[in-house]
Structures are given as C-alpha cells and as structure tokens.
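Colleague: Take this structure, written in structure tokens, and hold onto it; I'll ask about it next.
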Amino acid sequence: MGSSSSSSSSSSSSILLLLCVSLFSFILITHQLQPSQTQVLLQLRKQLEYPKSMDVWDKYSRDICHSPSSPQLTISCEENSITELKVMGDKSRKVSEFDGFAIPNQTLSEAFFIDSFVTTLSRLTNLRVLSLVSMGIWGSLPDKIHRLYSLELLDLSSNFLFGSIPPKISTMGRLRTLTLDGNFFNGTVPEWFDSLSKLTFLSLRENKLKGRFPSSICRIKKLTVLALSQNKVSGKLPDMDSLTNLHVLGLWDNQLDSELPVLPKGLVTVLLSKNSFSGEIPQQFDELVQLQHLDLSFNFLQGTPPAALFSLPNISYLNLASNQLSGSLPYHLTCGSVLGFVDISTNRLTGGLPSCLTSDNRLVKFGGNCLSVDPQHQHLETYCKEVHKKSSSKDIGVLIAVIGGVGIVMILLAYGFLVLYRRYCQQRASEQQLVPKALPENSASGFSSEILANARFISQTAKLGTQALPACRLFSLEELKEATNNFDQSAFIGEGSMGKLYKGKMENGTYVAIRCLALFKRYSIRNLKLRLDLLSKLRHPHLVCLLGHCIDTGEQDDYNVHRVFLVYEYVPKGNFRTHLSVDSQEKGLIWSDRLAVLIVVAKAVQFLHTGMIPGFFNNRLKTNNILVDEHQIAKLSDYGLSIITEEIEKNEAKGEGQKWQITKLQDDVYSFGFILLEALVGPSVSGRGEARLLNEMASLGGQDGRKRIIDPIVLTTCSEESLSVVISITNKCISPESMSRPSFEDVLWNLQYAAQVQATVDGEQK
C-alpha cells in the first residue's frame, strides 16, 4: 500500500514536472520572434550602418526579444512580433558651413537610402512604438511611413530629415505621439493634424517649417503638448481655448505677429518668446490658475502688465523682458507663494519696484526701465515718457504721411504711364511685326529670375556621395574646339531633338561629352546663366555629371539664337537599351540586373523632383538616356534641360506607332512607365507595333500573354511574384488618366519590393 502510494506520488510529480516544462517551452516558443521579423531587424541594423547600441544583438541573435534594454536600445515583442523599437544613436545634429550651405557632418553615408529603409521598417506591421533618435538618418521622409499603421508613438528627433512632413501620416489613426524635433523639415506646418483624433503629443521643434499657424490644430481635442518652437511659423495665432486638455504650449523663436490669443485655462507652461506679438497682455491670462511657467520675452507687447499675473497660485517663472511694457506696477503688488523668478527688464516701466519683488527668496531682473530704484541700471524717467509721446504722435504723423504719399505716387505713376504709352507703344507695335517677341524672364516653366537666383538644395545631404565629383566650371569655346578638333565629324557621336553630341578629349586627357544646343534668345544672358547655374547644382551618383558649360556670345549666323555647349562626363559603355538587346556585344541583362538599373534611375529622378527647390520635371526619361559606365553603374543623362529649352519633344513616330508616342512628356511617371515596359519586353517596344503592344498589356496577367510578350531573358531569370509587381506598376504608370497614375514614390517602393522578392528567390536557388 505504501509502495503504491509512493509510486502514485512519483507519477504525479513527473506529470507536474512535464506540465511545467511544457508550459515553459510554450512560453518560450510564443515569445520567440518569427524568422522574418529577425531578418527585418538585422536588415535595419545594416541600413543604419551597425550602430554600437545594436552590438548586443550579436549575443542574442536567436532571441533578440530577450536582449537587455538600455537607454540606447529597447525592444519589446508580443506574440512573435516586434511591438516596440527604441534606438538612441550618437550622431548629433551639429553642422558646419561651407559656401553658404549647412553640411551635416554626422549623417549616415551616401549608401543610405531612406526609401529602402522605410520599406524595411514597414514590414514590422505590429510596431506600436518607434523611436530612432540621433541616428544620422537623412533624406525626405517618404509617405510610405504610414504603412506602420499600428504606430502609437513615432519619434525621429535629431536626424537630418528634410522636405515636407508626409501627408499620409494623417491616416495613422492610432498615433498618440509624434515627435520630429531637430531636423530640417522646411515645408509648411500641415493642416491635416486634426485628422489624428488620438494625438496627445505633437512636437516639431527646431526645424525650418514656415507658413501660417494652421488653425486646424485647435481641433485636436486630446492634445496635451504642442511644441513648434524654433521654426519660421508666421502670421496670426488663433484663439486656443478649445484645447481644453493642453498643458504645454511651446511656440518660442518663430515669426508670429498677432496679438496674444485666448489660451486654455489648463495650461501649465507657455513659451511665446522671440516672436513679434503686439498689443497688451490679455486680462484673460488672470484665469490661467494652473500656469507655472510663462515666457513672453522679446516681443512688442505694450501697456501695463496685469497685476494678477504675479499672483497666480502656481506661477514660479515669469519672463516679460524686452518688450515695450509701460506704466507703473502697484506698490502693494501681490506675488504668488511659489514665484521664484521674475524678469521685467528692458521695458518702459516707471515708478517704484513693488515690495514683493524685492524679496530675498526670489530672483528679480528689472534693469533697463525707468524705475526709481537702482538708477545706475535705469534710464531717466523722461526717456520712457518721451518714447510714449513720440509713439502716439508718430502714429498720427505716419498715417497722414502715408495717405499723402500714396496720393502723390499714384498721380506720378499715372502721368508716367501716359508718357511711356505715347512714346513707346506704337513704336513697339511696329517692331513686333519684324522681330519675334522674346518670352518674359519668368517664363512658362515657372522659374522666375528670383527663384533662379535664390534656388537652394533642401539640404546639403542631397550632395552626399558626390564629393568626388568635380565642381562645375565655365569652359571657353577655344577649349571645346581643341577637345573636338574643331567639332570634327570624327568626334561626332549622335544627334537628336536636343542638338548634336560630340566626344572630346581635354588637355588633361579626360574624355567628355559635349552637347551643342541652339536656343532662341528667349532669355537675357544673365537669366540664361542663372538657369545654367541652377542646372549645375544637380549632383547625384546616378546622374551623368555636368562638368560645365560655355555660352557662345560671339558673332553668329543667326542673331536670334544663343549657342550653348553643355560639357558632361563621358560614359563609355552605351545605354540601357543596348544592354537589353540580345543582339548587343554582351548578352542582354537578366531580370535582377534590370531591376537594379531601374531602381537607381528612379532614385535619381526622385532626387530631381525633391532634392532642390524648385524641383526638376520633364526629364526626358528614355532607355536611350540611361547610360552605363565602366563599373556597370547606371546614370541618367539629358535631365533637367527643360529649364533652358522649355520644349516638349514632338511626336516623330509615323504609321502604327503614332498613337503610342508619349504625348505628356512633362509627366515623368508616365515616361518612366515606358522604360519599365521596355525592361519587360525588350527594346522592340520602340521599334514596331507600339499601339498593338499597349493593347496587349492587359493580357500580361495570364501566363500565355506573358510568354508571348515578355522578353525571354526576363521570363527565364525572374520570379513570378517579382514580375507581377513590376507589370502591375507599369500598367498604372502608363494609364491614360493622369489621376490614376501612382506617385513616383510608389513606383520606387514597388521596384524595391520586387528586387527584394527576387533576391530572396535567387538566394534560395544557390
């Protein structure tokens, strides 16, 4: 009986132990990352160029979720997926100045591409918290960030992001915290923030955001923190009393120039210094009973500050310095019990200093007024009173002077207009019958002389990776003649709608390509030089480098034409189209190589669109204009020429292909769609039956249609999924309805996805 009882007890213990082991194993299994999630993390680590904070993953490569957390790295997992990723880098936002540009010296290298990075991030579909601070991330944040639809917190502070804040963020309905501090965003503050109904924390400090303060922000009912300090936000600040949950309002160091608005009563911190606020401090500020920190310094506020400000029950910091406040503070002014700092210096205050401001338990600054205390650091009382009198009389005088001045100016302008009209109009009318009319300086392209002169890169990060490229310079006509043996036929390469092209050899032995353009004198020489200077600023690893230019201002046969010579680097290995053909000296490119070319060209085009203000469109996108250098690197040529030609390529096709010709060359997405089509079917797309081929594009969804149309090299070297992705985006690009075409960003994302899929398949087959 005892033996049986012992055996039963032993059996129960074994079962209990087995259950515990099974439960523990189950817990481990349920918290172990999916292999795909681990691969995403390792890919992110590679794209971020192996930050030190991620070195700990080397020890936990099989179970990254259980790696120890630190201030530099935190990762959380739930149900085999990553839900939280926080990384703090060591790449500060310090920049150096060179030639008028701010050059980030702590960015990731030129190999980093933010589109690919965000594409990788978007595979973490269950991510709720993402914080990547001081990582050196640079580029224009792509709209595809919205694919992280589960995000509740997004923090990309202290990086080098530029351009506009992506509009698609407005669709991230779960977002509660958005922090983009310390970047180079330079668009306007978006109007769509109110679509983020759960947003409680919005911080865009220390950027270059401009434009008017969006009133839509006042409709974000749950907002508790709003920080837009150190930007260039201008105009009127609307009443904000509807933001009943707002505790922190930080708008200091902007260009706001209205009167102070009505503020919500629950505010704890208000930072409005270094703006241009005017008028008096509203009496409504007496109701801010939760207020602890108020800074209104360095504005143009007038009048006597409300006495109740000093006695607010929770106020501890009050800064009213460097305004135009006047009048006298009451001697029996009451100060709040926790008020520890007061600055009323550099105003126009008179009278004595109230007794509560002389207390030893608080710091008070009051120099630069006309107070009766500490005369060594005060102005004479007449100074403050005279200023007040002058300002009052000056307002009336200015008004009278302005009215009188406007009247005189209008009379003079009217008289001058009549004189000029009589003297020149009839003469100009007769001249216009003989001489073609020149276009105005701010011609149809939208590039005014002012824009041309002030055009700048959104960020110097746009030049990263191009430091080795030579600076653009002016060439003399004699240099170019010597390089081409006076433009001898032996140096002639080809001719197209954009002029003749010659191969030249410079004195130092460097080979160049020289494009000769004959341009109607629609611009002055100055305006033409501005346009060429803007074109010369384009530097990208996948753009054929413009080395310089020459404007022939000598005697010419046609007095109405400028001769312009553009000098480019010479790219020796032919164009993309020849590398697609099996008839070329080398076998046609396989699918993965074609994708690689398409992606780098798409990157170059996206740079042309977004890397400069204003962007460059109508970039003559053709396979013939994609060149391959001796290192098998693809580069786009003939880009940006619309800025000086403003000519749209004419339809030169005849017969069957006439309807197929690109009639909207200004749409780079549409043009790029035909590059994709040619990459799919081979160079025959440009030679025969283009209309018929487009009609058959619909059949590419089936295997029979693909076998009939797709280039055999592609069919034998591609995966089905990769090919389907490219076919789909090609169909969208060449849609006859422009509104149906994808953004260039979407085109690039699809190509990168197709390349990733293909790389995975190729890796499995090795």
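Colleague: Provide a single number: the residues in region 515-551 that are hydrophobic (A, V, I, L, M, F, W, C), crowded, with 20+ Cβ neighbours inside 10 Å, modelled with pLDDT under 85 and out of contact with any Gly (no Cβ under 7 Å at 6 or more places or on another chain).
Modeller: Residues that pass the stated criteria total 3.
Colleague: Something else now. Kindly indicate the residue of region 479-514 that is modelled with pLDDT of 90 or more and of a type in the set (D, E, K, R) and also farthest from the chain's Cα centre (by Cα) among those meeting that condition.
Modeller: ASP488
Colleague: Okay, moving on. Just one of the numbered conditions (1) outside the structural domain of VAL233 (by TED's automatic domain parsing); (2) among the hydrophobic types (A, V, I, L, M, F, W, C); (3) modelled with pLDDT of 90 or more is not true of VAL262; which one?
Modeller: (1)
Colleague: Under 25 Å from GLY336 (Cβ atoms), of a type in the set (Gly, Ala, Ser) and part of a strand (DSSP E or B), is that true of GLY279?
Modeller: Yes.
Colleague: Being under 24 Å from MET88 (Cα atoms) and hydroxyl-bearing (Ser, Thr, Tyr) is the requirement here; does THR179 meet it?
Modeller: yes
Colleague: Is there a residue being among the aliphatic types (A, V, I, L, M) and at pLDDT 85 or above anywhere in region 401-414?
Modeller: no
Colleague: Tell me whether region 580-596 contains one or more residues that are at pLDDT 80 or above, under 28 Å from the mean Cα position of the chain (by Cα) and not in a loop (DSSP other than H, G, I, E, B).
Modeller: There is at least one residue in region 580-596 that is at pLDDT 80 or above, under 28 Å from the mean Cα position of the chain (by Cα) and not in a loop (DSSP other than H, G, I, E, B).
Colleague: Within region 327-345, is there a residue that is touching a Pro at 6+ places or on another chain (Cβ under 8 Å), surrounded by 15 or more Cβ atoms within 10 Å (Cβ to Cβ), touching a residue at least 24 places away in the same chain (Cβ under 8 Å) and closer than 30 Å to PRO190 by Cα?
Modeller: No, region 327-345 contains no residue that is touching a Pro at 6+ places or on another chain (Cβ under 8 Å), surrounded by 15 or more Cβ atoms within 10 Å (Cβ to Cβ), touching a residue at least 24 places away in the same chain (Cβ under 8 Å) and closer than 30 Å to PRO190 by Cα.
Colleague: Another question, if that's okay. Kindly state which strands (runs of 3 or more DSSP E) lie completely within region 171-252 and contain at least 2 residues that are within 21 Å of the chain's Cα centre (by Cα).
Modeller: It comes to 177-179, 201-203, 210-212, 232-235.
Rundown of residues vs (1) more than 13 Å from PHE285 (Cβ to Cβ); (2) aliphatic (A, V, I, L, M); (3) within 44 Å of the chain's Cα centre (by Cα), yes/no style:
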| residue | (1), (2), (3) |
| --- | --- |
| ASN299 | yes, no, yes |
| LEU309 | no, yes, yes |
| LEU320 | no, yes, yes |
| GLN324 | yes, no, yes |
| LEU329 | yes, yes, no |
| LEU333 | yes, yes, no |
| GLY340 | yes, no, yes |
| ASP343 | yes, no, yes |
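Colleague: Then there is this: Is it the case that SER157 is hydroxyl-bearing (Ser, Thr, Tyr), crowded, with 19+ Cβ neighbours inside 10 Å and modelled with pLDDT of 90 or more?
Modeller: Considered against the rule, which asks whether it is hydroxyl-bearing (Ser, Thr, Tyr), crowded, with 19+ Cβ neighbours inside 10 Å and modelled with pLDDT of 90 or more, SER157 comes out as yes.
Colleague: For region 416-427, indicate whether the set of residues that are surrounded by 11 or more Cβ atoms within 10 Å (Cβ to Cβ), modelled with pLDDT under 90, outside any loop (DSSP other than H, G, I, E, B) and not assigned by TED's automatic domain parsing to the domain that holds ASN275 is non-empty.
Modeller: There is at least one residue in region 416-427 that is surrounded by 11 or more Cβ atoms within 10 Å (Cβ to Cβ), modelled with pLDDT under 90, outside any loop (DSSP other than H, G, I, E, B) and not assigned by TED's automatic domain parsing to the domain that holds ASN275.
Colleague: Sticking with this structure for a sec: Within region 723-746, how many residues turn out to be within 22 Å of ILE709 (Cα to Cα) and either of a type in the set (A, V, I, L, M) or in contact with a Phe, Trp or Tyr (Cβ under 7 Å, 6 or more places away or on another chain) (or both)?
Modeller: 7
Colleague: Take the residues of region 190-201 that are out of contact with any Cys (no Cβ under 9 Å at 6 or more places or on another chain) and surrounded by fewer than 21 Cβ atoms within 10 Å (Cβ to Cβ): which is nearest to TRP138 (Cα to Cα)?
Modeller: Looking at residues that are out of contact with any Cys (no Cβ under 9 Å at 6 or more places or on another chain) and surrounded by fewer than 21 Cβ atoms within 10 Å (Cβ to Cβ), I get PRO190.
Colleague: Another question about this same structure. Filter region 710-766 for residues that are more than 21 Å from LEU621 (Cα to Cα), part of a helix (DSSP H, G or I) and of a type in the set (Ser, Thr, Tyr) and give the result.
Modeller: The answer is THR716, THR717, SER722, SER724, TYR753, THR760.
Colleague: Related question: Scan region 80-95 and give yes if some residue there is at pLDDT 90 or above and touching a helix residue (DSSP H, G or I) at 6+ places or on another chain (Cβ under 9 Å), otherwise no.
Modeller: Yes, the conditions are met somewhere in region 80-95.
Colleague: Within region 33-42, does at least one residue satisfy the condition of being hydrophobic (A, V, I, L, M, F, W, C), outside the structural domain of HIS540 (by TED's automatic domain parsing), in a loop (DSSP other than H, G, I, E, B) and modelled with pLDDT under 85?
Modeller: Checked against the condition, which is being hydrophobic (A, V, I, L, M, F, W, C), outside the structural domain of HIS540 (by TED's automatic domain parsing), in a loop (DSSP other than H, G, I, E, B) and modelled with pLDDT under 85, region 33-42 yields at least one hit.
Colleague: If you take the residues of region 618-651 that are assigned to a loop (DSSP other than H, G, I, E, B) and modelled with pLDDT under 75, which of them is surrounded by the fewest Cβ atoms within 10 Å (Cβ to Cβ)?
Modeller: Among them, the one singled out is LYS650.
The values are calculated or read from the model by the stated rules, or taken from the named source; none is laboratory data. The shown structure was predicted, so the numbers you read here are calculated from the model rather than taken from an experiment. All Cβ positions, even for glycine, are placed from backbone atoms using ideal geometry, and neighbour counts span all protein chains on display.
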